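Notes to accompany the following structure.
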Amino acid sequence: MIYLLEQGGLEGLAGLWPELTEADQVYQTRHWQPRLDAVAVRQAVFRPETAAAVLARWQRVLRAEGLHRLALAAASEDAEVYNYLAVFLRACRRDGAALFNYMQRQEVYPLRCLEREVQREVHRFLGLLRFSCSKEGIYYAPYEPEHDISRFIAPHFAQRMGEERFIIHDLRREKAVLYECGQLRLQPLPRAFSDFWKAEDASFVRAWQRYYQQAAVEGRLNPQLRRQNMPKKYWAYLSELWGPMTD
């Protein structure tokens with residue numbers, strides 16, 4: 001049986017877990033490509049109560065740190081991620097949380113690679129995310145990460161920005177993390193919202209560009225090092241690298 005998940009992340013797999021057998025495969029719906037050898041394909045129904053109970057059971061075995069590492073891997077856009085997770089979790093029944101330490105085991109290696117890849121992108125966006133501010137005092141940061149990382153970077157900015165309201169908008173997946181009154185919530189947000197925001201207020205962007213230009217030391221410019229630390233695929237949302245904006 002092949003199951004297709006609409007609900008992504010580790011929660012989606014947890015909600016389906018009691019129904020899975022070792023012969024089953026799991027894919028997120030947007031990654032699924034029909035195959036001739038697919039005998040039976042079924043759309044999975046997400047059950048929040050089941051997911052919560054399974055996640056609690058996994059946490060007792062893996063502890064909070066282990067569960068967080070699995071959640072990072074589950075945020076990957078690799079089409080096989082849920083099948084790697086299933087293999088790892090079945091092996092944990094025998095070996096427990098110590099399995100994480102055996103990098104070269106076939107149940108562990110693919111998952112650890114995905115975890116590191118996602119963690120690397122999380123780390124980068126803690127420094128590369130750029131906010132603009134509306135006249136109402138709401139900060140907005142659009143971006144297009146390769147992986148589904150919004151839930152991992154949002155707590156950092158909630159701590160840094162205190163009581164400020166903000167929106168972190170994943171344009172690729174058309175969803176956003178909203179922060180207000182000390183609460184974070186994830187909800188759908190169309191890509192077109194980004195165009196509306198650009199038309200709303202550009203003064204914050206102009207101020208940041210002026211600061212960037214004044215702080216730069218011409219004799220120490222190193223374009224090669226900048227491309228290494230700030231890959232070009234992220235430049236579209238780095239306001240300091242846009243063309244000059246006039247008042």
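The values are calculated or read from the model by the stated rules, or taken from the named source; none is laboratory data. Everything numeric here is computed off the predicted structure, so don't read it as measured data. When we count neighbours, we look across all protein chains shown, and the Cβ atoms used for this are built from the backbone with ideal geometry, even at glycine.
Can you go through Asn222, Asn229 and tell me which one is closer than 18 Å to Leu126 by Cβ and without any contact (Cβ under 8 Å) to a residue 24 or more places away in the chain?
Asn229
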*Got at least one residue in the stretch 184-198 being in a helix (DSSP H, G or I) and modelled with pLDDT of 90 or more?*
yes
*Exactly one condition in (1) out of contact with any His (no Cβ under 8 Å at 6 or more places or on another chain); (2) not in a helix (DSSP H, G or I) is not met by Ile153; state its number.*
(2)
*Which one is modelled with the lowest pLDDT, of the residues in the stretch 106-143 that are among the charged types (D, E, K, R) and loosely packed, with under 15 Cβ neighbours inside 10 Å?*
Lys135
*Single residue of the stretch 25-39 satisfying the filter (at pLDDT below 80 and either charged (D, E, K, R) or surrounded by 10 or more Cβ atoms within 10 Å (Cβ to Cβ) (or both)) that is nearest to Gly15 (Cα to Cα)*: Ala38
*Selection from the stretch 115-150 of residues that are part of a loop (DSSP other than H, G, I, E, B) and within 22 Å of Trp235 (Cβ to Cβ)*: Leu129, Arg130, Phe131, Glu144, Pro145, Glu146, His147, Asp148, Ile149
*within 25 Å of Arg105 (Cβ to Cβ), assigned by TED's automatic domain parsing to the domain that holds Tyr109, in contact with a helix residue (DSSP H, G or I) (Cβ under 6 Å, 6 or more places away or on another chain) and surrounded by fewer than 20 Cβ atoms within 10 Å (Cβ to Cβ): does that describe Ala79?*
yes
